[in-house]
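Here the structure comes first, spelled out in structure tokens, and everything after it is commentary.
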Amino acid sequence: MTINYKKIMNANIINILKDVLKIIDKEGIVNGHHLYITFMTNHPKVVIPSWLKEKYPNEITIIIQYEYYNLKIFKNYFSITLSFNNIKADLKIDYDAIISFADPQANFGLKIKDNGNLQKNVRKLRKSKKNNVIDFNNYKKTN
């Protein structure tokens, strides 16, 4: 038997983010908290407007603070509406696309994945179109 600690740890880091999003959904953002979430815009399961994808073809960092709407948390993704230069945009962000998240008010942040290796796998995935699974077993631990 082999215990895949990396897989277990990444799943639990995502659960921390899910719990934080659930609190925000229920109670709103209070006491100066705000959430920075960096994710890959070119991930096959991320849905964002084409104009936003053109402007940020690989990754983007969003901030959930004052103006956010329709936050919904699901098992494999969350959706939210944010304003970009006074243009509201609906985003569907798969948890597998998330690189990192942070709350500067709480001095808390977690890097979930190494973006360089993820980008290579996304390109391979888009070319092969055989499946939507990214194998994270070959990634090195980052500090």
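No value in this document is a laboratory result; all are computed from the given coordinates. Given the structure is predicted, the values throughout are model-derived calculations rather than measurements. Here Cβ is always computed from backbone atoms with ideal geometry, including for glycine, and neighbour counts include all displayed protein chains.
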Point to revise | Positive-end extreme of charge dipole, the stretch 5-128 - chosen from HIS34, TYR5, TRP51 (charges on Cβ) | key: TYR5
Review point. Using 20 Å as the cut-off for backbone N distance, which residues of the stretch 86-110 belong to the label zone defined by a point 7 Å from the Cα of ASN12 along Cα→Cβ?
Key: 95-96, 98-103, 108-110
Check your understanding: How big, on average over all directions, is the shadow cast by the Cα convex hull of the stretch 30-119, in nm²?
Key -> 6.0 nm²
Exercise for review: Describe numerically, in nm with one decimal, the distance between label points set 7 Å from Cα along Cα→Cβ at LEU110 and at THR61.
Suggested key: 1.9 nm
Review point. Over 28 Å between Cα atoms, which of LYS6/LYS55; LYS22/LYS53; LYS6/LYS53; LYS26/LYS55 qualify?
Key: LYS6/LYS55; LYS6/LYS53; LYS26/LYS55
Exercise for review: Check each of the GluC sites (Glu not before Pro) in the stretch 1-77 and keep only those in coil by DSSP with at most 15 other C-beta atoms within 10 angstrom; list them in order.
Suggested key: GLU67
